[in-house]
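Below: the structure, in structure tokens.
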């Protein structure tokens, strides 16, 4: 029925003389025939908001890319819907019959954004696929050139759009799925305009319409898909000489090439062939190989392009991420000089340090830096063999961790460092996770002013980008930025796990961090396609900052609530005045012991400090029972320090206790104990350790019969 409606509409246009070219009548018959390209769409196609759409709209920029052999025409109409019952159907715009009349060889359709309007999708969603198919058929039926048709998955709608949370966010992705269905049903090309722009919100002044640079990216994407020219053969950025690949896992190698290019790959005496798809993407999977190496990888194409990589090892790959305490370099750590000097003696320890091109120091960035930051060119680095120079500048925690694993496991170790001083956790989380997390979505809104981001971070970012002309200038502290500029570049290869030291820039809001950290772990496990990927993190150390006791308790609770996580206690290694304590080698060793115990089954390494497993009351005494401890003791042989209790009044006061085996026994002295806490000071001098000398976390717990427990 819809197809007949559109066909009748087109016939009327022809009757009134609008479609002369469809009948083969042309005033340019003697001219050399060009390949004619029709761009159908809405305001994004039209070039809305651009100062000079005739020059900078995506069809105009596409014309420049394609050259004189093509003729590109823009038939976009602002506000147009794909739905024929929408508030402004494209088939009822003047551009529609003009597009039919153009007698195109290639038709590119980008519609659907306006269908997210509440007047449209909630009412007529069931008609979207059939309406789209009818539109495609109308071009096929009334075009003698048997045109090649491409339909596009939509460009992004960002969170500052006024209807984002009220429906647009959800309907947008439903329409994206419907567009894929249309492409399958109608057997047309599918161009995905979303990925190349989704990480570039600064190109969208109103959250919907790209600026001239954004339109250029859109044009480049369309150009690549209709010509098959994707810039030739390339590997994904993470593949380099000296890299380490994860052992005991199939090895996937992937990259880009011009569409339909045939490739041959050789790795570790295995040969694979594949063909790049219509989007220029290719991927092959090699069988898992034995740990060790070195191996070589060679990729050749039928167009005589080739890439060769050498000195590739197979072993264990770990990501070392966080803010400045993970970034803290070996050369700054106490007792690190010997480890730096003999770094070359560990050739099977490989380092991939994604270094930032500029630090977030208290100064303005120049225009060149600001442009690179916007273009996500914030990190640079290559895989390197362990050597003194690179070890000195690598994360002290990460390097110590990797070196201990290398010695204990006797397999190659690859470390990927992604750390930015001062960065909040939100910057490491992917955009879609933030958008769909009900607690985290508001972090994206006006991040330079909202209170989710710590004031210090917002102030420092404001100084760095003060000279920017674009009001939407990016910064590494921005939610999703570090993920988009750094983490995303290594996603796709398997990793053994993550070690994480971050939180200083979120310590102002422990309650929010519960959601932020959970979202972070979910984001990375989804990205690396491993729902059980180990995620070990450092608890903040001791310093005279009043919010830190509550924050450390939040971290302790997170380690108990999120599967396959564990926490390294660092409060005994803090500095009362310096947020960057220098005892980093000890922390790296604690991380290594966690991994060796949890992931590699080693029983001869200490598995963390004492952890509360049970709180009971017995004969007027409160008893705290600990796991990871056979014998509780104090590090200095004195009584337990900083142990406090509170009654019904909620007021804490110091209390003495006995240590027996793996228990702390507190006498209530005829007063009911409601709560117990330990080390509850910003700079804690708590001295509770286990038989291995590893410290207990600071904590606050309730007694079994407290009013709070009964209420729960």
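Nothing in this text is a laboratory measurement; each read-out follows from the coordinates by a stated rule. What you see is a predicted model, and the numbers here were worked out from it, not measured in a lab. Every residue, glycine as well, gets a Cβ built from its backbone with ideal geometry; the counts of neighbours run over all protein chains shown.
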Exposure proxy order (Cβ contacts within 10 Å, fewest to most) of 359, 552
359, 552
Roughly how far apart, in whole Å, are the Cα centres of the range 333-357 and the range 597-634?
34 Å
Only bridges with both residues in the range 234-316 count here: give the DSSP antiparallel percent, nearest 5.
90 percent
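Can you tell me what percent of all Cα-Cα pairs in the chain are more than 35 Å apart?
Across the chain, Cα pairs with separations above 35 Å total 54 percent.
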Over the range 623-665, what is the mean sequence separation of C-alpha contacts under 8 Å (at least six apart), divided by residue count, expressed as relative contact order in percent?
51 percent
Using a Förster distance of 56 Å, how high is the FRET efficiency between residue 181 and residue 363, based on the Cβ-Cβ distance and rounded to 0.05?
0.65
Sort 171, 548 by Cβ crowding within 10 Å, fewest neighbours at the top.
171, 548
I need to check one value: relative contact order of the range 2-227, counting alpha carbon pairs closer than 8 Å and at least 6 residues apart, in percent.
22 percent
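Can you tell me the alpha carbon radius of gyration of the range 234-316 divided by the globular rule-of-thumb value 2.2 N^0.38 Å? Kindly include the intermediate steps, with their values, before the conclusion.
Numbers: Rg = 12.4 Å, N = 83, 2.2 N^0.38 = 11.8 Å.
With N residues counted in the range 234-316, Rg over 2.2 N^0.38 Å equals 1.05.
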The range 48-207 - Rg (one decimal) and Dmax (whole number), Cα, Å:
15.6, 46
By counting other Cβ atoms within 10 Å of each Cβ, how are 688, 376 ranked from fewest to most?
376, 688
Among DSSP bridges having both ends in the chain, what percentage is antiparallel? Round to the nearest 5.
55 percent
For the range 477-518, using Cα atoms only, the Rg and Dmax in Å read 12.6, 35
Once normalised by the length of the chain, the mean sequence separation of its alpha carbon contacts under 8 Å that are 6 or more apart gives a contact order in percent of 8 percent
Restricting everything to alpha-carbon atoms, can you work out Rg to Rh for the range 406-496 with a Kirkwood hydrodynamic radius?
1.08
